[in-house]
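What follows is a short report on a single structure.
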Amino acid sequence: EKRLDAAVAALRALPAAAQRQRLLFACLGSAMALQGKAAWMPWNKLKYTEQGLDQLDAALAMLKPEHGAVQVRGVSVALQTRLVAAATFVAVPDGLFHRRADGRKLLAALRADPLLTATPASFRAEVDATEARLAESAK
């Protein structure tokens, strides 16, 4: 939580062209949503979280089939963007933002994607951890 403001500031300080990259766009959305989770004032919680979720939705909408071929650290941008969104959707309170089902769908799509088997074990472990958090939040 202590690093969220710095992360948001660093992502916003990137050149405009970099900010439009799907994965960075999703990372900024996730950081903004988690900023809302950490905020003290209720109106800031809502504002930051909603802005972050909107940004994640936009990042997901920007994905195209060719993003499956573009890789960062051995993982396609499409898979990473979907995992960032899924992890964030699972992390925000479902009673208020109703995103758990979206996170579940994204995780199912990740599991079904044939590109997942070629990713590093660390990425697959992140998918597993997000699924575990989903199961924990759903009880």
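Assorted remarks:
- Spread of Cα-to-Cα distances over 5 Å intervals beginning at zero, given as percent, for segment 82-139: 4, 21, 33, 23, 12, 5, 2, 0
- Taking all Cα pairs closer than 8 Å and separated by 6 or more residues, the relative contact order of segment 64-139 comes to 30 percent.
- 1.4 Å probe accessible area per residue over segment 56-110, in Å²: 46
- Think of a 1.4 Å ball rolled over the protein heavy atoms: segment 1-54 then has 64 Å² of accessible area per residue.
- The apolar share of the surface of the chain, taken as the fraction of accessible area on carbon and sulfur atoms (1.4 Å probe, ligands and nucleic acids excluded), comes to 60 percent.
- Taking all C-alpha pairs of the chain, those more than 22 Å from each other amount to 36 percent.
- Cβ charges +1 (Lys, Arg) and -1 (Asp, Glu), total dipole of the chain, debye: 80
- Reach of Lys64 by Cα under 27 Å, taken over lysines that are not fewer than 8 positions away in the same chain: Lys105
- Farthest toward the positive end of the dipole of segment 89-139, out of Leu96, Leu106, Ala118, is the Cα of Leu96, where the dipole comes from beta carbon charges about the Cα centre.
- Percent RCO, i.e. relative contact order, over the chain, from Cα pairs under 8 Å lying at least 6 residues apart: 19
The values are calculated or read from the model by the stated rules, or taken from the named source; none is laboratory data. Values in this document were obtained by computation on a predicted structure and should not be read as measured data. Neighbour counts are summed over all protein chains in view; Cβ atoms, including those assigned to glycine, are modelled from backbone coordinates with ideal geometry. Accessible surface is based on the protein model in full, side chains and every heavy atom, while ligands, DNA and RNA are left aside. Shrake-Rupley method; radii C 1.70, N 1.55, O 1.52, S 1.80 Å.
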